[in-house]
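Novice: I'd like to ask you about the structure that follows.
The values are calculated or read from the model by the stated rules, or taken from the named source; none is laboratory data. Just so it is clear, the model here is predicted, and its values are computed rather than measured. Virtual Cβ from ideal backbone geometry, glycine too; neighbours counted across all protein chains shown.
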Amino acid sequence: MTRAQRLERWADLLEPSANRLSPLPRIEDMSEDERRQVRGNSYPMAVAFADPVFRELGLKSDRLGDAMEFFALNARDVHALMCECMGPAAGIPHRLRHHAKRAEHPGLWRRFLLATGLAA
């Protein structure tokens, strides 16, 4: 399963319970070690870890650090996708799908930025 497919599947899994999810609290203020240990039953990582397909593919736990490794997300990605300051958790599936599309075509976004003069 590609990275984009994993992100799409995660979004699909989150969608039915999106209104019961909690966004991650102020993760940009945490140290790397603290961020990696974040976990909770109402967080998106718990939904991912509950999926037997993801566990079979290697998702180790419901901790944020393991989800970051499994979905190839960095701290900036996690903040933009799941932090409480980015909006309600109900928007996480949509943000994941948008991120998945960028993952499918990584050069497309860069070409757009270059064409519009937003990147050098």
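Residue-by-condition table, conditions (1) among the aromatic types (Phe, Trp, Tyr); (2) in contact with a His (Cβ under 7 Å, 6 or more places away or on another chain); (3) at pLDDT 95 or above; (4) closer than 20 Å to SER42 by Cα:
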position: PHE71; (1), (2), (3), (4): yes, no, yes, yes
position: ARG76; (1), (2), (3), (4): no, no, no, no
position: ALA89; (1), (2), (3), (4): no, no, no, yes
position: PRO93; (1), (2), (3), (4): no, no, yes, yes
position: HIS99; (1), (2), (3), (4): no, no, no, no
position: ALA103; (1), (2), (3), (4): no, no, no, no
position: PRO106; (1), (2), (3), (4): no, no, no, no
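Novice: Which pairs turn up if I take residues in the range 58-84 that are at positive phi and look for partners that are crowded, with 17+ Cβ neighbours inside 10 Å with beta carbon separation below 7 Å, at least 6 apart in sequence or on another chain?
Specialist: GLY58/PHE70
Novice: Report those helices (runs of 4 or more DSSP H) wholly inside the range 1-56 carrying at least 1 residues which are in contact (Cβ under 8 Å) with a residue 24 or more places away in the chain, surrounded by fewer than 13 Cβ atoms within 10 Å (Cβ to Cβ) and charged (D, E, K, R). Spell out the reasoning first.
Specialist: Numbers: elements: 3-14, 32-37, 44-50.
Per the criteria, 32-37.
Novice: Also: Looking only at the range 57-86, which residues are surrounded by fewer than 19 Cβ atoms within 10 Å (Cβ to Cβ) and assigned to a loop (DSSP other than H, G, I, E, B)?
Specialist: GLY58, LYS60, SER61, ALA72, ASN74
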